[in-house]
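The values are calculated or read from the model by the stated rules, or taken from the named source; none is laboratory data. Computed from a prediction, not measured in an experiment: that's the story for all the values here. Backbone-built Cβ (ideal geometry, glycine too); neighbour counts: all protein chains shown.
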Amino acid sequence: MFPLEGITVVALEQAIAAPFASRQLADLGARVIKVERPEVGDFARNYDTTVNGMSSHFVWTNRSKESIELDLKSEYGKEVLDRLLDKADVLIQNLAPGALERMGFVPEVLVKKHPKLIVCSISGYGKGGTYEQKKAYDLLVQCEAGLVSITGSEDNPSKAGISIADIAAGMYAYTGILTALLNREKTGEGAVIDVSMLEALGEWMGYPAYYAAYGGEEPKRSGASHATIYPYGPFVCGDGKTVFIGLQNEREWKHFCDLVVKDPTLNKDSRFSTNSDRSANREELKEIIERAFDALGSSEVIDRLEKAKVANARLNTMKDFFEHPQLKARDRWEQVETPNGTIDALKPPAVIAGMEAVMKPIPALGEHTEKILEEIGIKQEELHK
């Protein structure tokens, strides 16, 4: 039996944040009924056509769900949603601020009507305040949370390469719902959960926020290097490939000098005595390291780093990651059915001994409409009256 088997989730969701949260609930065995707009569905279905004609965003966040087409602006659509909520354990939504309430489904009222229901709303900035109605896309929240100010090179601020604000919000919605389900087992009561993208990403910004608030200056953008630890970042080798080093303490620094660069005098150089010294003189040290690496291929550099027990990584492309030997060795890929054929999907990262994740198909738009309507006693043709 899966951990969330018997739990029904109704998802009024679009894009990434809520779909990412509900997909993880589905991974644990919950039944997720995805409510989509007639004919167009979740707009993330049309972001691109790279995965056998389907959107890469959509296939990532929507496996193991059932799709029902529903016009929530119509009275029949609202009636269907109301009946679905009669049997639901969780309602998750990331519609525009106030949209759910305008349809007549106020979270606090829903929980009074359905005392065991958990209602989770994801928005850009949360309820209240002057930002409540402000449009909030991932890039914009990255800017508001200060992430862009500390990401990129010294001359060019940059956003993260993934929808990190959406993902952060989705993760807190997921864990918040799990917490509310656990609490319901103790109290018998549902809950209203409010997740803000700004606050979710803000939690992840703890180190730079404290650094700036109490240190008197903003963290500097340092590209792929660490802002305050050195050597910690990319170094080019003789074969033109880049190796990343993560050096954390003085013991590792000595091993690095002796076994990797093979210059024991470097450890005695006053310019590099401590991490603060190395960070202050990073340009000089980088030149010394890359001069030593210039005579070596990236594989030999990594061999030396491994022997010295200094953390390291190759600069993989996304294709390299998809073919990563460690993922193959741990059997972390599983095939998932889609409307356009089978694709490989990465299994959930939390590996629970003796339990497999649910990896059911990705639904076509409205694929389960008739089946779901029959369950709640409504004929599909009634929706179009």
For Gln142, which of the numbered conditions (1) under 22 Å from Lys220 (Cα atoms); (2) of a type in the set (S, T, N, Q); (3) in a loop (DSSP other than H, G, I, E, B) fails to hold? (3)
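So that you can scan it fast, the table gives a plain yes or no per residue for (1) surrounded by fewer than 15 Cβ atoms within 10 Å (Cβ to Cβ); (2) over 16 Å from Gln24 (Cα atoms):
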{"position": "Glu323", "(1), (2)": "yes, yes"}
{"position": "Gln335", "(1), (2)": "yes, yes"}
{"position": "Pro339", "(1), (2)": "yes, yes"}
{"position": "Pro361", "(1), (2)": "no, no"}
{"position": "Ala364", "(1), (2)": "yes, yes"}
{"position": "Glu367", "(1), (2)": "no, yes"}
{"position": "Leu373", "(1), (2)": "no, yes"}
{"position": "Ile378", "(1), (2)": "no, yes"}
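Of the residues that sit in region 218-247 and are of a type in the set (Gly, Ala, Ser) and not in a loop (DSSP other than H, G, I, E, B), which one is nearest to Asp294 (Cα to Cα)? So that I can check it myself, show each step before the final result.
Kept after step one, since they are of a type in the set (Gly, Ala, Ser), are these residues of region 218-247: 222-225, 227, 233, 238, 240, 246.
From the residues that got through so far, the ones that are not in a loop (DSSP other than H, G, I, E, B) too are 233, 246.
Values: Gly233: 16, Gly246: 19 Å.
Out of the qualifying residues, it is Gly233.
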Are any of the residues in region 323-335 outside any strand (DSSP E or B), modelled with pLDDT of 95 or more and among the small types (Gly, Ala, Ser)? yes
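Mind checking which residues of region 287-321 are touching a Gly at 6+ places or on another chain (Cβ under 9 Å) and either surrounded by 14 or more Cβ atoms within 10 Å (Cβ to Cβ) or touching a residue at least 60 places away in the same chain (Cβ under 8 Å) (or both)? I'd like the intermediate steps shown before the answer.
Filtering region 287-321 down to residues touching a Gly at 6+ places or on another chain (Cβ under 9 Å) leaves 293-298, 300-301, 310-313.
Result: Phe293, Leu296, Gly297, Ser298, Glu300, Val301, Val310, Ala311, Asn312, Ala313.
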Over region 126-136, the set of residues surrounded by fewer than 15 Cβ atoms within 10 Å (Cβ to Cβ) and in contact (Cβ under 8 Å) with a residue 40 or more places away in the chain is Lys127
Any chance Ser55 is small (Gly, Ala, Ser), surrounded by fewer than 18 Cβ atoms within 10 Å (Cβ to Cβ), over 24 Å from Leu178 (Cα atoms) and assigned by TED's automatic domain parsing to the domain that holds Ile16: no
Take Gly341 and decide whether it is without any contact (Cβ under 8 Å) to a residue 24 or more places away in the chain, out of contact with any Phe, Trp or Tyr (no Cβ under 6 Å at 6 or more places or on another chain), outside the structural domain of Lys241 (by TED's automatic domain parsing) and of a type outside the set (D, E, K, R). no
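So, of the residues in region 111-122 that are of a type outside the set (A, V, I, L, M) and under 23 Å from the mean Cα position of the chain (by Cα), which turns out to be surrounded by the fewest Cβ atoms within 10 Å (Cβ to Cβ)?
This residue is Ser121.
I'm checking my understanding of the structure. Among residues of region 137-158 that are among the small types (Gly, Ala, Ser) and out of contact with any strand residue (DSSP E or B) (no Cβ under 7 Å at 6 or more places or on another chain), which one is surrounded by the fewest Cβ atoms within 10 Å (Cβ to Cβ)?
Ser153
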Where the second residue is surrounded by 13 or more Cβ atoms within 10 Å (Cβ to Cβ) and among the β-branched types (Val, Ile, Thr) and the first is over 13 Å from Ala136 (Cβ atoms) and modelled with pLDDT of 95 or more and lies in region 181-209, which pairs have Cβ atoms under 6 Å and are six or more apart or on separate chains? Gly190/Val111; Gly190/Ile118; Ala191/Ile118; Val192/Val111; Val192/Val119
Would you mind finding the one in Ser270, Ser276 that is closer than 22 Å to Ser222 by Cβ, exposed (fewer than 13 other Cβ atoms within 10 Å of the Cβ), without any contact (Cβ under 8 Å) to a residue 12 or more places away in the chain and of a type in the set (Gly, Ala, Ser)? Ser276
All positions within region 159-198 that are surrounded by 14 or more Cβ atoms within 10 Å (Cβ to Cβ), in a loop (DSSP other than H, G, I, E, B) and either more than 16 Å from the chain's Cα centre (by Cα) or not assigned by TED's automatic domain parsing to the domain that holds Ala30 (or both): Gly190
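Give me the residue from region 123-152 that is charged (D, E, K, R) and farther than 18 Å from Phe20 by Cβ and, out of that set, nearest to the chain's Cα centre (by Cα).
Initial filter on region 123-152 (charged (D, E, K, R)): 127, 132, 134-135, 138, 144.
This time we only want the ones that are farther than 18 Å from Phe20 by Cβ, so: 127, 132, 134-135, 144.
Values: Lys127: 23, Glu132: 23, Lys134: 22, Lys135: 20, Glu144: 18 Å.
Out of the qualifying residues, it is Glu144.
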Within region 180-223, residues being more than 30 Å from Leu100 (Cα to Cα) and touching a Cys at 6+ places or on another chain (Cβ under 7 Å) number 0
